[in-house]
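The values are calculated or read from the model by the stated rules, or taken from the named source; none is laboratory data. Keep in mind the model is a prediction, meaning the values are calculated, not measured. Cβ placement follows ideal geometry from the backbone for every residue including glycine, while neighbour counts extend to all protein chains displayed.
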């Protein structure tokens, strides 16, 4: 009877289809963050964005996504992975469709705020589905070589979505118009919804505790938004001006209130603060935040360098990002092969150093440069290093986490990447704008972009330092568990 029930359960669980569904979800979510990058010059010209204000097309998605991910992770823990994933996919698809329509209306009305609001709506949808998908991956592949392979595939699709988003965005911008980049996620959401509906079995009834802390989610999102807003506005108000000081102080108050609410709320806190005593969780999220900060800024600066300095068209700019996409996939595949022999911490150090070297090379760009001499080489080095990091950082962030908190841990990791992306772009974008100055020429733009890319290398060296000092030393993953699985299979 027991063996029959186990056989029936194994038939209901379809790891291959679950992995496919999660891969499509992550590709879509990652693509949505980068697909607008190549179209930014056209978006800014069409809707009247300022040079720094243009970054809000990215911030609006990243901040709502990152700020609400913890709430999405808690919902996945409380209400079940499958229902939250399906609901999130439906919301994301509808938000993408509505965002495309809003961008059309916004373009006609010349209202930048409408496009920013549409991007924020997409971020809310992504926050609902991403942690549920990653939690499903964690519980479906708990240990061993299957886990290494699953997270390698996840990391490859995650990175490919970000890199290919630039290609897709460039082609759409040049041949269909920049507004159509908002529609691209709709068919992918429908595909992922169909896969998840068929592949994911209904889990056991969730343990119903108190309701998730929505107030905490609002405080965290508002605090991060004000923090980014204060940094970005330094192009108009100096760091020591009353406006900037008041904005940053209010952001600090809201974030402190978030921590207080999490410690005292009668509802289910978004995150148990004791989770950060787990060195793997704390170190992986700190690493991920810096990695996200550097990579988001790199996409932004490289896209603008190709178009505004070298004069490359949107479609060709997208094509020239292909080596980066292929390098990330190659790095992810290499991480899977090395993951059987090397500890995740070692891969994070190697990948971080490679990516930092690529960014430092990027910092040597010149106004009279060319794609082959100034972009291709550093793209390959940085992308392979980035691919080496992705799978190990995800796998590390869930080590030692109880099953009922896997959704929260997954949401936290996604949140750190998105918040890092927004903070990194805000800080590095502002510093690059200051270096460019008021006289905007290819030469001054080049100086600003080069500074931003060089500072990205510094952030990555900080991530490597965190991996060396915070993450615990471990051996290659789960060799003992592999032996147990092998013995079980023989029995």
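Is segment 54-67 home to any residue that is out of contact with any helix residue (DSSP H, G or I) (no Cβ under 9 Å at 6 or more places or on another chain), in a helix (DSSP H, G or I), surrounded by fewer than 24 Cβ atoms within 10 Å (Cβ to Cβ) and without any contact (Cβ under 8 Å) to a residue 24 or more places away in the chain? No, the conditions are met nowhere in segment 54-67.
Only residues that are farther than 21 Å from residue 296 by Cβ, over 20 Å from the mean Cα position of the chain (by Cα) and part of a helix (DSSP H, G or I): list them for segment 346-375, please. Scanning segment 346-375 gives 346, 350, 371, 372, 373. Would you confirm, using the coordinates I've provided, whether residue 102 is touching a helix residue (DSSP H, G or I) at 6+ places or on another chain (Cβ under 6 Å) and at pLDDT 75 or above? So residue 102 does not fit the description; no. Within the option set 360, 315, being in the same structural domain as residue 428 (by TED's automatic domain parsing) and either touching a strand residue (DSSP E or B) at 6+ places or on another chain (Cβ under 9 Å) or closer than 25 Å to residue 420 by Cα (or both) holds for one residue only, 360. Applying the criterion of being buried (at least 24 other Cβ atoms within 10 Å of the Cβ) and modelled with pLDDT under 80 to the residues of segment 159-178, the residue that is nearest to residue 59 (Cα to Cα) is 162.
On inspection, residue 218 passes the criterion of being within 30 Å of residue 81 (Cβ to Cβ) and either modelled with pLDDT of 85 or more or not in a loop (DSSP other than H, G, I, E, B) (or both). Quick check on my filter: what residues within segment 413-468 are out of contact with any helix residue (DSSP H, G or I) (no Cβ under 7 Å at 6 or more places or on another chain) and assigned to a helix (DSSP H, G or I)? Of everything in segment 413-468, those that are out of contact with any helix residue (DSSP H, G or I) (no Cβ under 7 Å at 6 or more places or on another chain) and assigned to a helix (DSSP H, G or I) turn out to be 434, 443, 450, 458, 465.
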